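Shown next, in structure tokens, is the structure this report addresses.
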Amino acid sequence: MKLNIVLVEPEIPQNTGNIARTCAAIGAKLHLVYPLGFSISEKAVKRAGLDYWDKLEIEEHLSFEKFLEKYKPEKNNMFFVTTKGKHVYSEPKYEEMEEVFALFGKETKGLPEDILLKYIDRTIRIPMKPTLRSLNLSNSVSIVAYEIMRHKNFEELEEISNYFNEKLK
């Protein structure tokens, strides 16, 4: 399965760096949708992603409209992650999908409301207390990404750690 993590207009470099590291660790493709609130050459992004940038597939998009033109939601398994989502993030049957797109909006505003209304049946949320606004973006990406990978039995990821087996020899 191919997992695509899409960040629409991310604003905080450390979040994007952390998300890049998560994408590298699970083999997900990272889509960055402009405008960004920073330059991807910034030290903070590089530091948060450590030395994983060369192990990561990144695709950049000039705008959200351009992204949606290229990867049409009607033709792709696309999920819009929002605190207002209709479904819990664990509900979709990801295991039946060959490719999945999980879209996340900017830290201060999330995804555009008109898009969420248009694709309301494809909106997913992470349950949390109703008195709180939201989780950190990089934490949200990790939660959703690993759930999608779990549905696929963590295909192509390390199944058994050999660390202690090697130490015990």
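Here are a few things to note about the model shown:
- For region 15-34, the set of residues classified as at pLDDT below 95 and closer than 20 Å to LYS66 by Cβ consists of THR16 only.
- Count of region 62-77 residues, restricted to those that are without any contact (Cβ under 8 Å) to a residue 12 or more places away in the chain and outside any helix (DSSP H, G or I), is 1.
- There is at least one residue in region 37-53 that is modelled with pLDDT under 95, under 27 Å from HIS151 (Cα atoms) and under 15 Å from the mean Cα position of the chain (by Cα).
- Test: residue in region 138-151 that is modelled with pLDDT of 95 or more and over 19 Å from GLU91 (Cβ atoms): yes
- LEU62 being buried (at least 18 other Cβ atoms within 10 Å of the Cβ) and under 15 Å from HIS31 (Cβ atoms): no
- Selected residue (criterion: surrounded by the fewest Cβ atoms within 10 Å (Cβ to Cβ)) from residues of region 113-144 that are farther than 20 Å from ASN77 by Cβ and in contact with a strand residue (DSSP E or B) (Cβ under 8 Å, 6 or more places away or on another chain): PRO127
- Checking VAL100 against (1) in contact with a His (Cβ under 8 Å, 6 or more places away or on another chain); (2) not in a helix (DSSP H, G or I), the condition it does not meet: (1)
- Hey, TYR94 surrounded by 12 or more Cβ atoms within 10 Å (Cβ to Cβ) and within 19 Å of ASN18 (Cβ to Cβ) or not: no
The values are calculated or read from the model by the stated rules, or taken from the named source; none is laboratory data. Note that this is a predicted model, so its numbers are computed, not measured. Reconstructed Cβ throughout: ideal geometry from the backbone, glycine too, with neighbour counts over all protein chains shown.
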